[in-house]
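Values quoted throughout were computed directly from the atomic coordinates according to the rules given, and no laboratory measurement underlies them. Note that the structure is predicted; figures quoted are calculated from it, not measured. Every residue, glycine as well, gets a Cβ built from its backbone with ideal geometry; the counts of neighbours run over all protein chains shown.
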Amino acid sequence: MSGEPVTVWARPERGTRGPAAAHSRAELTAVAVALADRGGLAAVTMRQVAKELGAGQASLYRYLSGRADLLDLMADAVAGEIDLAEPLSGDPVADLVALAVRTKAVHLRHPWLSDIPPEPLRLGPRGLDYLEYALRALAPARLPGRAKVEAVALMNALIAQFARTELQGARTDTDRRTAQAAYLNEAAARGDHPHLAAALADDTATDPAAGPVADPATDAAADPQELFTRTMHRVLTGLVQPAP
């Protein structure tokens, strides 16, 4: 049916009306990614992209229907930085954790990526390749197809959240983080929150060196990557290897 909305991927790269297009979607995307890397997602406007290209803003609509198309292109472009050539081991959990680690590295390299509004079907060619790789990793798992797709979606949501938290933590004043850790330890020691105290005591019993909540300003063991890997392994184990 004519007139139905179509994604940017389903439309010709260049419009057919007006003068010949002087640029490509790839050029527009590269400019937009560079703008976002420098100034965050708010820095990416159709006007600014056109300015960087030395073109009129109206000319961009020969390639895009609007900023939403540009965000689609940007997200897909950086998804292409995730290494999908890594051989799979046959262990779904291990393979997905490794994929999650590589994916989070891209989020940290492009902090604006976690700010793009989440849409379950925001998938371009590289995004489809990523999903195919993740589902191939899940092939040995005895799960329905829908459950596999949902597992990948949850994994991606956690990746974005962990990356956002890690980036914010790097920007938080160390004195403030030290005070927050001290407050949590004091609250647990007062006895008003017995389950919190028990949880921290369990960690100490399992690992006597763990002690109270670490001061992230001074504790070299407070490694966000180790926490991310451990958490992803636990979550994915629960999703991929549910209890009988």
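One table, with the values for the structure above:
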quantity: Value of D in µm² per second that Stokes-Einstein yields for region 94-167, Kirkwood Rh from Cα pairs, at 10 °C (1.306 mPa s); calculated: 123 µm²/s
quantity: Leu84 versus Arg122: modelled label distance in nm, points set 7 Å from Cα along the beta carbon direction; calculated: 1.8 nm
quantity: Bins of 10 Å from zero: percent of alpha-carbon pairs in region 8-79; calculated: 21, 59, 20, 1
quantity: Per-residue ³J(HN,Hα) for region 125-134, Karplus 6.51 cos²θ - 1.76 cosθ + 1.60, θ = phi - 60°, Hz, x for Gly and Pro; calculated: x, 6, x, 5, 4, 5, 5, 4, 4, 5
quantity: Sequence of Lys104, Lys148 once ranked by neighbouring C-beta atoms within 10 Å, starting from the fewest; calculated: Lys148, Lys104
